[in-house]
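*Asks:* Right, I'll just put the structure down here and ask away after.
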Amino acid sequence: MLVIIQSIVAILLIVCVMLQQRGTALGAAFGGGDSGGSYSNRRGFEKKIYWATIVLGTIFIVLAIVGLVM
């Protein structure tokens, strides 16, 4: 059961990370592109995706530790 939950969290985490790669080409996603960039505040949907990524990452780590202990 733990493996299934961890797999679902992993898939959701991947989706959240991919959604954060807004407006970038494939090269920029892997470190290429404009290195200067510009700073912008996260608002609305971007902010929710950002916090969902943090929460899902934390849940994934906790589940991985629980899986090691069990």
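Bear in mind that the values in this text are calculations on the coordinates, not laboratory data. Here the structure is a predicted model, which is why all the values come from computation and not from measurement.
*Asks:* How much length is gained on full extension from residue 59 to residue 2, taking 0.36 nm per residue of separation minus their Cα-Cα distance? If you can, show how the numbers build up before the last one.
*Replies:* On the way: separation 57, 0.36 × 57 = 20.52 nm, distance 1.19 nm.
Stretched fully, the residue 59-residue 2 segment lengthens by 19.3 nm.
*Asks:* So how much slack lies between residue 68 and residue 48, counting 0.36 nm per residue of separation and subtracting their Cα-Cα distance, in nm?
*Replies:* Extra length from residue 68 to residue 48 when fully extended: 4.2 nm.
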